[in-house]
Structures are given as C-alpha cells and as structure tokens.
Amino acid sequence: MILRDRALLWWNSLDDTDVDKANWNAVKADFLASYEAKYTAKTTCTNFHELIQRPGEGCHDYYLRVHEAFTKM
C-alpha cells in the first residue's frame, strides 16, 4: 500500500470501526462517506462565481472547469 499522511491515519482508524477492510465495497462506502465532496446551493453558486478564465488558461481548460461546475450542479 502507498497510503501516506491522513489517508494512512484514516485506513488505520478502520480497525476501530465495523468496516471490514477485506471487503472493498465496505471500505469504498466508508471512504466516500468520509471524503466525498458535499455540494450545496452555496457551493454551486461559488463555483459559478469563480468561473472566470484565468491568466494563461487555455480555452479547453476553462471549458473543462465550466463543465465540472455544471456536472456538480
């Protein structure tokens, strides 16, 4: 395993829970519950507010950020 820092702490903390480390679906569900981004109306508005093409940012990269904001909405 190549886990480091906080990811390694999270993995080791599973020993104190009911999560079966040998069951990938259980590990995945716990990981997503802990780390999956939470999207609210406020974060969506913030994402759209920040959609200004950055200096030196190409059109394609800007489009990808716009697409990501729409996907998260």
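The values are calculated or read from the model by the stated rules, or taken from the named source; none is laboratory data. These numbers were taken from a predicted model, which means no experiment stands behind them. Cβ placement follows ideal geometry from the backbone for every residue including glycine, while neighbour counts extend to all protein chains displayed.
Of the residues making up the stretch 14-42, those that are charged (D, E, K, R) and surrounded by 10 or more Cβ atoms within 10 Å (Cβ to Cβ) number 4. Restricting to the stretch 1-13, give me the number of residues that are modelled with pLDDT under 85 and either among the aromatic types (Phe, Trp, Tyr) or surrounded by 12 or more Cβ atoms within 10 Å (Cβ to Cβ) (or both). Residues flagged as modelled with pLDDT under 85 and either among the aromatic types (Phe, Trp, Tyr) or surrounded by 12 or more Cβ atoms within 10 Å (Cβ to Cβ) (or both) within the stretch 1-13 amount to 1. Against the test of being among the hydroxyl-bearing types (Ser, Thr, Tyr) and in contact (Cβ under 8 Å) with a residue 12 or more places away in the chain, the options Thr71, Thr40, Thr17 yield a single qualifying residue, Thr17. Can you spot a residue in the stretch 12-20 that is within 19 Å of the chain's Cα centre (by Cα), among the hydrophobic types (A, V, I, L, M, F, W, C) and assigned to a helix (DSSP H, G or I)? No, every residue in the stretch 12-20 fails to be within 19 Å of the chain's Cα centre (by Cα), among the hydrophobic types (A, V, I, L, M, F, W, C) and assigned to a helix (DSSP H, G or I).
Here's a check for you: in the stretch 43-55, which residue that is at pLDDT 80 or above and either in a helix (DSSP H, G or I) or of a type in the set (Phe, Trp, Tyr) (or both) is surrounded by the most Cβ atoms within 10 Å (Cβ to Cβ)? Ranking the candidates gives Phe48 first.
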